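Here's the structure, in structure tokens; my notes come after.
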Amino acid sequence: MSITRRLTGLLAAAAGAVALLAGTTAPAQAYSPNPAFSKYYYDTDSCPCSGGNLTDPFDNTYFAYDAGGLAVKMELVSGGAFVGKVEFHPNDEKLWVYDTRNDGDSFYVTIGYASGGTYHSLGTVSPPGTDEVVDLTVKDYDIPDGASVDISVYDDAGPSDLIGAARGTGAAVA
């Protein structure tokens, strides 16, 4: 074996060891077919809200009162198993993204809002991808009163391969 081939092999092994020590993993595989998608809306004028469609096996969603707000809960189910959920809470304008199945796959959530005739993208959010049974990311936004908030769930980071989408309303209408 040539010295060049040995060095190439050693460098590849070292890179693999560094990635392992850094805790990085291979990219997640896409769901095929996409998870089933359900969405539920809650007028937060009538909240606090809990129970009913807000009940799930992980933390039983609770929406707080927020005049003029429209909360959203989205659930993802694959092969009969609950694999994730996404919640938009108008009170404090928070996005909660849960990966509830440690299956080597993830999903990606884009969020943005329309206000004053302009659309504002707030980026893409995904769960952290740890070895925990439930991974959770919570983002706190400053969304203007009464703004329409668009939330889309994708199967890959592109983002492409749309799983589903919903629209809530941020904060209280003044």
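The values are calculated or read from the model by the stated rules, or taken from the named source; none is laboratory data. Since we're looking at a predicted model, the values are computed, not measured. With ideal geometry, Cβ positions are generated from the backbone for all residues, glycine too; neighbour counts draw on all protein chains shown.
Of all the listed residues (Asp66, Asp131, Asp145), the sole one being over 21 Å from Pro33 (Cβ atoms), in a loop (DSSP other than H, G, I, E, B), modelled with pLDDT under 95 and touching a Pro at 6+ places or on another chain (Cβ under 7 Å) is Asp66. When restricted to residues that are part of a loop (DSSP other than H, G, I, E, B) and without any contact (Cβ under 8 Å) to a residue 60 or more places away in the chain, the stretch 69-90 contains 2. Annotation for the stretch 103-118: at least one member residue is free of Cβ contacts under 8 Å to residues at least 24 places away in the same chain, loosely packed, with under 14 Cβ neighbours inside 10 Å and over 16 Å from the mean Cα position of the chain (by Cα). Restricting the stretch 48-58 to residues that are surrounded by 13 or more Cβ atoms within 10 Å (Cβ to Cβ) and free of Cβ contacts under 8 Å to residues at least 40 places away in the same chain, the residue that is farthest from Gly79 (Cα to Cα) is Cys49. Considering the stretch 102-128, and only residues there that are assigned to a loop (DSSP other than H, G, I, E, B) and either closer than 18 Å to Ser152 by Cβ or in contact with a Gly (Cβ under 7 Å, 6 or more places away or on another chain) (or both), the residue that is modelled with the lowest pLDDT turns out to be Asp105. Could you please find all residues in the stretch 119-128 being surrounded by fewer than 17 Cβ atoms within 10 Å (Cβ to Cβ) and within 26 Å of Phe58 (Cβ to Cβ)? The answer is Gly123, Thr124, Pro128.
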